[in-house]
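Student: My questions will all concern the structure given below.
The values are calculated or read from the model by the stated rules, or taken from the named source; none is laboratory data. Small disclaimer: the values here were computed from a predicted structure and weren't measured. Using ideal geometry, Cβ is built from the backbone for each residue, glycine included, and neighbour counts are taken over all protein chains shown.
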């Protein structure tokens, strides 16, 4: 069994991680307004990309579809006890509570997000099934063997070392439990992909240090102890989101610079607007993939 002790106990590394955590918190709290304006955050509570079926016409539908498809891929059972690792404003937790009768615990670094999560759970009638806490998914307070599922949608990318995230997920999963991930990954068939200028610009706009490689992450799942690992490239059904964000950048960049001149926008929000441009240009160069992963902790 994995010990809870890890490299994060080193004081220097912990101090660095705390500084980095503050960057992540500042990004999400400053840029929440952007998600509210262009991403239906108040109504759909999703801070992730959308999944488009051939008949899907609206982003609102696509946001729900991604939760549906990831729940299918991860084989989420009725009544599952689930950790939503990096829960945003609670959208996935609430969806899984309503659709799968799951009992969810959402964790985030942001106290502000926890308050919004709790309000959203009450509004959606699932406050008795959803709890939310300020915690770091790299070093949680949960006992060993607590959860049936660890669910991470566009959050594992924030781990400086992805293996640390995977090891902690393994520790807190019950035997037979599964980790379920949806995220952005470098196309690591390209040499030195981490140093590509477009990818470096993109990660900086979102307070991310680096994306994992498609194949490297899969290998690290096995290193953490997971078995029966599967991965699925879902970049194509996600592509309309990539394109939509690019089109938003064409309008958003002039607007955000005007907002800065008027004192209504800050540098972090402007970088967030640039992210919509960089992610599209990087996609056009085949530098990244949008992937689903699932792995099982042995019984």
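Student: If we scan region 32-51, do we find a residue that is over 27 Å from residue 112 (Cα atoms) and either assigned to a helix (DSSP H, G or I) or at pLDDT 95 or above (or both)?
Tutor: Yes, some residue in region 32-51 is over 27 Å from residue 112 (Cα atoms) and either assigned to a helix (DSSP H, G or I) or at pLDDT 95 or above (or both).
Student: Would region 93-101 turn up any residue that is touching a residue at least 24 places away in the same chain (Cβ under 8 Å), surrounded by fewer than 19 Cβ atoms within 10 Å (Cβ to Cβ), out of contact with any helix residue (DSSP H, G or I) (no Cβ under 7 Å at 6 or more places or on another chain) and within 21 Å of residue 156 (Cα to Cα)?
Tutor: Within region 93-101, not a single residue is touching a residue at least 24 places away in the same chain (Cβ under 8 Å), surrounded by fewer than 19 Cβ atoms within 10 Å (Cβ to Cβ), out of contact with any helix residue (DSSP H, G or I) (no Cβ under 7 Å at 6 or more places or on another chain) and within 21 Å of residue 156 (Cα to Cα).
Student: With respect to residue 252, is the statement that it is in a helix (DSSP H, G or I) and either touching a strand residue (DSSP E or B) at 6+ places or on another chain (Cβ under 9 Å) or farther than 30 Å from residue 296 by Cβ (or both) true?
Tutor: Considered against the rule, which asks whether it is in a helix (DSSP H, G or I) and either touching a strand residue (DSSP E or B) at 6+ places or on another chain (Cβ under 9 Å) or farther than 30 Å from residue 296 by Cβ (or both), residue 252 comes out as yes.
Student: Can I ask one more? Looking at residue 242, is it surrounded by 13 or more Cβ atoms within 10 Å (Cβ to Cβ), under 28 Å from residue 163 (Cα atoms) and touching a helix residue (DSSP H, G or I) at 6+ places or on another chain (Cβ under 9 Å)?
Tutor: So residue 242 passes the test.
Student: Against the condition under 24 Å from residue 185 (Cα atoms), buried (at least 18 other Cβ atoms within 10 Å of the Cβ), at pLDDT 95 or above and under 15 Å from the mean Cα position of the chain (by Cα), how does residue 59 come out, does it pass?
Tutor: Answer is no for this residue.
Student: Being assigned to a loop (DSSP other than H, G, I, E, B), modelled with pLDDT of 95 or more and exposed (fewer than 13 other Cβ atoms within 10 Å of the Cβ) is the requirement here; does residue 72 meet it?
Tutor: Against the criterion (assigned to a loop (DSSP other than H, G, I, E, B), modelled with pLDDT of 95 or more and exposed (fewer than 13 other Cβ atoms within 10 Å of the Cβ)), residue 72 does not qualify.
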